[in-house]
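Please read the structure below before turning to the comments.
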Amino acid sequence: MGHSIKVTVNGVTHEATVEPRMLLVQFLREVLLLTGTHIGCDTSQCGACTVLVDGVATKSCTMFAVQADGKEITTIEGLAANGDLHPLQKAFWEEHGLQCGFCTPGVIMSSYDFLKRNPNPTEEEIRHALEGNYCRCTGYQNIVKAVKKAAQSMS
Amino acid sequence: MKIQGDVVLPAAPEKLWELLLDPQIIAEILPGCKDLKQTGPDHYEAVIEAKIGPISSRYQTRFSLLDQKPYESYRLHIEGEGKGGFVRGDAAIRLIPENGQTRLVYEGEGNVGGMIARIGQRLVEAAAKMLIQRGFDDLRKKVEERLHSKST
Amino acid sequence: MIPNNFEYIRANSVQEALQLLSQKGDGARLLAGGHSLIPAMKLRLNAPETVIDISGIQELASIRRDGDRLHIGALVTHRTVETSDEVKSSCPVLSEAAALIGDPLVRNRGTIGGSLAHCDPAADYPALTLCLGAEIEATGPSGSRTIAADDFFVGMFETALQSGEMITRVTFPVLGKGTGAAYEKFSHPASRFAVVGVAAMVTLDGGGNCNSVRVAITGAGPSVFRATKVEQALTG
Amino acid sequence: MANYIGSSLKRKEDRRFITGKGTYTDDIVLPNMTYAYIVRSPHAHARIKAIHTDKALAHPGVVAVFTGKDLQDDGVNPLPTGWQITDSMIEPPHPVVAVDRVRYVGDPVAVVVAESRAAAKDAAELVEVDYEVLPAVVDATKAIEDGAPLVHDEAPNNLSFTWELGDKAATDEALSKAAHITRLEIINQRLIPNAMEPRSAIGDYHPARDELTLYTSSQNPHLIRLLMCAFVLGIPEHKVRVISPDVGGGFGSKIFHYPEEVIVSWSSRKLGRPVKWTAERSESFLTDAHGRDHYTVAEMGMDEDGTILALRVNTIANLGAYLSTFAGGIPTWLYGTLLAGQYKYPHIYVQTKGVFTHTTPVDAYRGAGRPEATFVLERLMDTAARELGMDPAEFRRKNFIPADAFPYETPVVLTYDSGNYEGSLEKAMQLIDYKKWREEQAKARNQGRLIGIGISCYIEACGIAPSKVAGAIGVRAGLYEGASIRVHPTGQVTVYTGAHSHGQGHETTFAQIVADGLGISPDNVEVVHGDTAQIPFGMGTYGSRSLAVGGSAIWRAVEKIREKAKKIAAHKLEASEDDIVFEDGKWVVKGTDRALTLGEIALTAYVPHDYPEGLEPGLEENSFYDPSNFTFPFGTHISVVEIDPETGKVQILRYVAVDDVGNVINPMIVEGQVHGGLAQGIGQALWEGAVYDENGQLLTGSMMDYAIPKADDLPHFEVDRTVTPCPHNPLGVKGAGETGTIASTACIANAVVDAVSHLGIKDIPMPLTPERVWRAIHGK
């Protein structure tokens, strides 16, 4: 029943045996204990579980762990290189882009992918880019500001 | 959820009546019906596998044909339970003769509960209509087949 | 959040996927982008015995223009259609429409073949496919066949695909001079599915008259359909 | 010395959240942990004939299966409600797990505990429940009709209480003499809170120590402990520790004592192993207490020149199937008392019927009663102005309580502390350029475009509340707050607060207060919340009370520390106590440069070699602060919307919020609270709404159907402030967490109706979806 998989998460390669039905988010949270990736819904809407799969922002609740075999995953825990916060993390901090923090890792990972493709976005583009990440605390205004600030500091 | 509609069947009510109550026909026109068993006069049990796109659910179903007024009307009551929740339906069925054919008019209430009701809101009503429509299309075909095979 | 258990098999080629499909029968489902299948499985509204993962089949993941035809592999993601220069120049409405599907994260994984095979009554791609008169290539045990979009969408979640077949390619016309197309969608505020979506393609002759018009509507019926009366009214 | 109070300090808590190191309840893994999955009723109303658990028990990995009868037989009591509205209020028992009848879709029926989540869920499918389905009622207005199905046999006509406030006779008389009466029938639709973190709880019982730890995603750990120990399980409170770690939003929905907290605690005691339960989102939709759900008829009478004479409000409030923790208080005391709003008029009468239905229990959701009151009043204000042919701003101005009238006693028992209503209206009108938009609107109408301007002037009573008042209005709890400040020998400080942060930034705001109060950097202040074992006592966070009550408690403890520090400083500096002043963050001998810092004093307190005679060593103080009144934030919000006449879609062109929350400790955080509140209030106006079918099935049971605002739905908000300090708490602060929600729903609804009023449209029911707006415009 179990499948052997080899997944590189935040630069570290893990080998594990997983049931086919285990979702990637469950693998990250329950097997690797990387609990920064959250589960906010069960219909693949809220984006709290967003991680990068081979660099592409992905809802890790809508992918089986077994599908991650051979892939490179980056989670929020892997974003700060050598303890230096990523410009997105800094910007979210400085612009008060989070309140309860639950959606934040997903929002940051989505923004990461987005800024790679669109390094100099308008406010409207940022709002559209975050359509798949729900936040119930901030009203999004400071999230948008933070993404914009991160874009500026990265360019 | 209100269910209503009608279908014209190519036979007079007197010829249709028997077919409508025939368990074998019922088993064939109920979408995804398996293992139909008679549990009493006009009472049946069956497993119904409903497959609508992303949703696939098995229902343990009981149904009854009540208040029968031969050649005129009866009531179909159906209750099923499955993993995705439950379904219940109750429909009054009337047979109206029309130029040697029959207009079958159905009118009733259908309820879906559980996960499907909560998640599939966007689809439930359309899906129910589709399944009912399909059931009656199949019925028309069966009626045609039977009458044809009898006449030959 | 936890699906029922199932057997998982990865198919590395179309051939392999087809063999598995015929071997596993009705209890098997193909997994491409997973954005329709996995949510249903998580809610246990669908419990396939076998999941055949075709997401890694490279041969189905490319876009190619061949004269006045634009071939899009079944596993091309919405994001790729949205951003592809080839699509933008050959059939820009497709890119524009792809950008309206779900949300960016859905578009990152969802595929055109998956969307068409799934045939959700409120999905976006079926409207485009039907409006543009695309052709769907279905491959089964006995080889490939081409199905015109007009024949492909049969009903709610129902297509002309037969058991054992899978979509391998979708072919769109390259929009030439004098032809324009657009897609307008009124999104559901929660799901972002189309409450109603209208795709239209118009070809003008030299004199500025409508030579041909095709209009397809999604979200407003059990399946995508053509608004033939509108088409007739606009032609000429 | 930095002045931290009033500065937009970056939040101390954020480092853990932005690096994925927050610890929410579901992140906690304990050795030997088991997982609970709860079998729930798919029916809104049914009799349980039998429950067959044998197949589930036999499933691999299953540890136990419990039914309601198991809990009942073991002496588990029903869940209590914490607010008695009238002496005759009917409080039917609310079993933790249903025993013989289920009363809403989602009512717990059985509990499967297993070695893994997957095994628990798999086995739950094998629990067979025989139901006899009974007729259900979901609409409160129908539930009180004779012959409606009864939710509880002990509540005839499904009525829990009829509550009233104000002088009915005087109000009736004033209305009968009014030159004009404006009447509205309002449905304030049911909302589903949807905090992003689904609820979660872990019970962890240690048999050898006979101690239970409950981790729960709660806004309210001390109260949960009290309710669960004293009322439900009957176990000693001192043997129970409740920890609410990082909590991912609450908005009210995590105040209440939920069945699952009892289920994991009781199961863990039974099994001697930790038991975790985490809601799936579809469970959250069914079981988190919902909000709002009022049907109201409101009438306001004016004299010829537009002076308001009286207001009469009759509301039917849907309470759901059981009385949740604060259920009764929301549509009564937190609603009726707010109906004076910002206006001076002599007569108000309000009556609320609290009604049971076969739906999820309803309780406080952000704003809790006050958004409903504001909606009634501000929709009436706009409608009345229109009917009188007055500008809505002018009509409001005419009826404002003047700035020199405070403290102001309303006809509905509140005494407003301070206010300047005209000030915030003026500021908002200037910011948005009200006059220009009225001109734009006129121009647009000529072009067939639909532009509307909405005003909402609100008042909020928050910072709940004096305990004495709470007792008088039936709250079965005190509403003070506890705080403790421990100065460590090095001069660093730990603050223990009974308030609980689930996104509000207490760790920063409270650190700012203490930093200024004791002359240290906020970096040297650690704020501990959410743990009953560490914190003396607490009443939790809701009703925008954390800063006004919890912050004041902390300030009182700061003052006590300062007093003791002064004694130590006087001794060390060989001065008289009267000559020691706290200046620039130091204890200074008046008029000299001789001074001690907190660090120096703290070291002395813990190493008291040279120390005042008779003074206790150590530097740690507790305080319990019970306020003398609510605080009364207020403000004016103005929005401009444009409606697409062809689709009915509403676009928000501008949104200006001018709030007055008294003194502000951290402006950045206050603005963030306003933004979030606006999103939720606008969400109610335009998109959100729970829909049940007539059999009690929740049709909006997922994020596929229930529309939570997304980034591209919302406009850029323009947020500003006026400052009218609260006169009765030491910080001069008022609550800031709910203002956005309270004001914005009415603000947007007023704008939408304003946009189409020239078409003869008086009202459109919420949510103002494109379809509803389009139908109103096209008369269909």
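With away from chain D (no Cβ under 14 Å), out of contact with any helix residue (DSSP H, G or I) (no Cβ under 6 Å at 6 or more places or on another chain) and at pLDDT below 85 as the only criterion, which of B:K129, B:K69, B:K83 stands out? Walk me through how you get there before you give the answer.
Details: B:K69 fails: at pLDDT below 85; B:K83 fails: away from chain D (no Cβ under 14 Å).
After applying the criteria, what remains is B:K129.
What residue, among those in segment D:120-138 that are within 14 Å of chain C (Cβ to nearest Cβ) and of a type outside the set (A, V, I, L, M, F, W, C), is surrounded by the most Cβ atoms within 10 Å (Cβ to Cβ)?
Here the answer is D:D122.
Could you tell me whether segment A:68-75 includes any residue that is buried (at least 24 other Cβ atoms within 10 Å of the Cβ), in contact with a strand residue (DSSP E or B) (Cβ under 8 Å, 6 or more places away or on another chain) and not in a strand (DSSP E or B)?
yes
So C:D150 clears everything in (1) modelled with pLDDT under 95; (2) more than 30 Å from C:T50 (Cα to Cα) except one condition, right? Which one?
(1)
Hey, could you check segment D:623-650 for residues that are within 14 Å of chain C (Cβ to nearest Cβ) and not hydrophobic (A, V, I, L, M, F, W, C) and say which is nearest to D:V723 (Cα to Cα)?
Initial filter on segment D:623-650 (within 14 Å of chain C (Cβ to nearest Cβ)): D:644, D:646-650.
Adding the requirement that they be not hydrophobic (A, V, I, L, M, F, W, C) leaves D:644, D:646-649.
Details: D:D644: 38, D:E646: 43, D:T647: 41, D:G648: 38, D:K649: 36 Å.
The qualifying residue nearest to D:V723 (Cα to Cα) is D:K649.
Looking at (1) aliphatic (A, V, I, L, M); (2) in contact (Cβ under 8 Å) with a residue 40 or more places away in the chain; (3) within 14 Å of chain B (Cβ to nearest Cβ), find the lone condition where C:A181 falls short.
(3)
Are any residues in segment C:29-78 over 15 Å from the mean Cα position of the chain (by Cα), within 11 Å of another protein chain (Cβ to nearest Cβ) and small (G, A, S), and if so, which ones?
C:A40, C:A47, C:S55, C:G56 - these are the residues of segment C:29-78 that are over 15 Å from the mean Cα position of the chain (by Cα), within 11 Å of another protein chain (Cβ to nearest Cβ) and small (G, A, S).
Output the residues belonging to segment D:740-780 that are touching a strand residue (DSSP E or B) at 6+ places or on another chain (Cβ under 7 Å) and either outside the structural domain of D:L338 (by TED's automatic domain parsing) or among the charged types (D, E, K, R) (or both).
Scanning segment D:740-780 gives D:D754, D:D763.
So which strands (runs of 3 or more DSSP E) are wholly in segment C:140-204 and hold at least 1 residues that are within 14 Å of the chain's Cα centre (by Cα) and hydrophobic (A, V, I, L, M, F, W, C)?
Filter on segment C:140-204 gives C:143-148, C:153-155, C:166-173, C:194-204.
Here's a check for you: in segment D:192-225, which residue that is without any contact (Cβ under 8 Å) to a residue 40 or more places away in the chain and crowded, with 18+ Cβ neighbours inside 10 Å is nearest to D:Q534 (Cα to Cα)? First the steps, then the outcome.
Just the residues of segment D:192-225 that are without any contact (Cβ under 8 Å) to a residue 40 or more places away in the chain, to begin with: D:206, D:208-211, D:213, D:224.
If we keep only those that are crowded, with 18+ Cβ neighbours inside 10 Å as well, we get D:213, D:224.
Details: D:T213: 13, D:I224: 15 Å.
Restricting to residues being without any contact (Cβ under 8 Å) to a residue 40 or more places away in the chain and crowded, with 18+ Cβ neighbours inside 10 Å, the top hit is D:T213.
(1) more than 19 Å from C:I54 (Cβ to Cβ); (2) more than 13 Å from chain D (Cβ to nearest Cβ): which one isn't true of A:Q26, the others all being true?
Tallying (1) more than 19 Å from C:I54 (Cβ to Cβ); (2) more than 13 Å from chain D (Cβ to nearest Cβ), A:Q26 fails exactly one: (2).
Taking B:L20 as the residue in question, decide whether it is at pLDDT 85 or above and surrounded by 19 or more Cβ atoms within 10 Å (Cβ to Cβ). Full working, then the answer.
Working: at pLDDT 85 or above: yes; surrounded by 19 or more Cβ atoms within 10 Å (Cβ to Cβ): yes.
In short, yes.
Could you check C:G207 against (1) in the same structural domain as C:P92 (by TED's automatic domain parsing); (2) free of Cβ contacts under 8 Å to residues at least 24 places away in the same chain and say which number it fails?
Answer for C:G207: the failing condition is (1).
Of the residues that make up segment D:631-639, is at least one touching a helix residue (DSSP H, G or I) at 6+ places or on another chain (Cβ under 6 Å), assigned by TED's automatic domain parsing to the domain that holds D:G540 and assigned to a loop (DSSP other than H, G, I, E, B)?
Within segment D:631-639, none of the residues are touching a helix residue (DSSP H, G or I) at 6+ places or on another chain (Cβ under 6 Å), assigned by TED's automatic domain parsing to the domain that holds D:G540 and assigned to a loop (DSSP other than H, G, I, E, B).
I'd like to know if segment D:727-748 contains one or more residues that are more than 20 Å from the chain's Cα centre (by Cα), within 14 Å of chain B (Cβ to nearest Cβ), surrounded by 24 or more Cβ atoms within 10 Å (Cβ to Cβ) and not in a loop (DSSP other than H, G, I, E, B).
no
Inspect all residues belonging to segment C:130-147 and state whether any of them is outside the structural domain of C:I217 (by TED's automatic domain parsing), of a type in the set (A, V, I, L, M) and touching a residue at least 40 places away in the same chain (Cβ under 8 Å). So that I can check it myself, show each step before the final result.
Keep residues of segment C:130-147 that are outside the structural domain of C:I217 (by TED's automatic domain parsing), which gives C:130-147.
Those left that are additionally of a type in the set (A, V, I, L, M): C:130, C:132, C:134, C:136, C:138, C:147.
Restricting the remaining residues to those that are touching a residue at least 40 places away in the same chain (Cβ under 8 Å) gives C:130, C:132.
Yes - at least one qualifying residue is present in segment C:130-147.
Can you name the strands (runs of 3 or more DSSP E) wholly within segment D:503-612 that have at least 3 residues being under 30 Å from D:A201 (Cβ atoms)?
On the way: elements: D:525-529, D:580-583, D:586-589.
Qualifying strands (runs of 3 or more DSSP E): D:525-529.
For (1) crowded, with 23+ Cβ neighbours inside 10 Å; (2) under 19 Å from the mean Cα position of the chain (by Cα), each residue gets a yes or a no:
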| site | (1), (2) |
| --- | --- |
| D:L271 | no, no |
| D:P274 | yes, no |
| D:S284 | yes, yes |
| D:A289 | yes, yes |
| D:V297 | no, no |
| D:E304 | no, no |
| D:T307 | no, no |
| D:V313 | yes, no |
| D:L319 | yes, yes |
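Restrict the check to segment D:651-674 and report whether at least one residue is more than 14 Å from chain B (Cβ to nearest Cβ), in a strand (DSSP E or B) and polar (S, T, N, Q).
Keep residues of segment D:651-674 that are more than 14 Å from chain B (Cβ to nearest Cβ), which gives D:651-674.
Pick out the ones that are also in a strand (DSSP E or B) and you get D:651-660, D:662.
Within this subset, residues satisfying the condition of being polar (S, T, N, Q) are D:651.
Yes, segment D:651-674 contains a residue that is more than 14 Å from chain B (Cβ to nearest Cβ), in a strand (DSSP E or B) and polar (S, T, N, Q).
Would it be correct to say that D:L334 is assigned to a strand (DSSP E or B), of a type outside the set (S, T, N, Q) and either more than 30 Å from D:A64 (Cβ to Cβ) or touching a Leu at 6+ places or on another chain (Cβ under 7 Å) (or both)?
Numbers: assigned to a strand (DSSP E or B): no; of a type outside the set (S, T, N, Q): yes; either more than 30 Å from D:A64 (Cβ to Cβ) or touching a Leu at 6+ places or on another chain (Cβ under 7 Å) (or both): yes.
Taking the combined requirement at face value, the residue does not satisfy it.
Take B:L104 and decide whether it is crowded, with 16+ Cβ neighbours inside 10 Å, out of contact with any Pro (no Cβ under 8 Å at 6 or more places or on another chain), within 16 Å of B:I26 (Cα to Cα) and of a type outside the set (S, T, N, Q).
When the stated conditions are applied, B:L104 passes them.
Only one residue in C:I72, C:I38 is at pLDDT 95 or above, under 22 Å from C:C119 (Cβ atoms), not in a loop (DSSP other than H, G, I, E, B) and not assigned by TED's automatic domain parsing to the domain that holds C:E137, so which one is that?
Working: C:I72 fails: not assigned by TED's automatic domain parsing to the domain that holds C:E137.
The match here is C:I38.
Can you tell me which residue among D:A174, D:A169 is part of a helix (DSSP H, G or I), among the hydrophobic types (A, V, I, L, M, F, W, C) and in contact with a His (Cβ under 8 Å, 6 or more places away or on another chain)?
Values: D:A169 fails: in contact with a His (Cβ under 8 Å, 6 or more places away or on another chain).
Answer to the selection: D:A174.
If you take just the helices (runs of 4 or more DSSP H) that sit entirely in segment C:79-130, which of them hold at least 2 residues that are within 14 Å of chain A (Cβ to nearest Cβ), crowded, with 24+ Cβ neighbours inside 10 Å and out of contact with any Cys (no Cβ under 9 Å at 6 or more places or on another chain)? It would help to see each step written out before you state the result.
Working: elements: C:85-90, C:92-98, C:104-109, C:112-118.
Result: C:104-109.
Of all residues being facing another protein chain (nearest Cβ under 7 Å) and free of Cβ contacts under 8 Å to residues at least 12 places away in the same chain in segment A:94-144, which is surrounded by the fewest Cβ atoms within 10 Å (Cβ to Cβ)? Just the residue, please.
Selected residue: A:H128.
Please determine whether any residue of segment B:32-43 is within 14 Å of chain D (Cβ to nearest Cβ) and not hydrophobic (A, V, I, L, M, F, W, C).
Step one: filter segment B:32-43 for residues within 14 Å of chain D (Cβ to nearest Cβ), giving none.
Scanning segment B:32-43, I find no residue that is within 14 Å of chain D (Cβ to nearest Cβ) and not hydrophobic (A, V, I, L, M, F, W, C), so the answer is no.
What's the total number of residues in segment A:39-57 that are under 22 Å from D:S284 (Cβ atoms) and more than 7 Å from chain D (Cβ to nearest Cβ)? Even if it seems obvious, please write down each step before you answer.
First, the residues of segment A:39-57 that are under 22 Å from D:S284 (Cβ atoms): A:39-50.
Of the ones still in play, those that are also more than 7 Å from chain D (Cβ to nearest Cβ) are A:39, A:44, A:47, A:49-50.
Of the residues in segment A:39-57, 5 are under 22 Å from D:S284 (Cβ atoms) and more than 7 Å from chain D (Cβ to nearest Cβ).
Regarding D:L596, is this residue surrounded by 15 or more Cβ atoms within 10 Å (Cβ to Cβ), out of contact with any Asp or Glu (no Cβ under 6 Å at 6 or more places or on another chain) and closer than 18 Å to D:P489 by Cβ? Even if it seems obvious, please write down each step before you answer.
Values: surrounded by 15 or more Cβ atoms within 10 Å (Cβ to Cβ): yes; out of contact with any Asp or Glu (no Cβ under 6 Å at 6 or more places or on another chain): yes; closer than 18 Å to D:P489 by Cβ: yes.
So D:L596 passes the test.
The values are calculated or read from the model by the stated rules, or taken from the named source; none is laboratory data. These figures come from a predicted structure and were not determined experimentally. All Cβ positions, glycine included, derive from the backbone under ideal geometry; neighbour counts span all protein chains shown.
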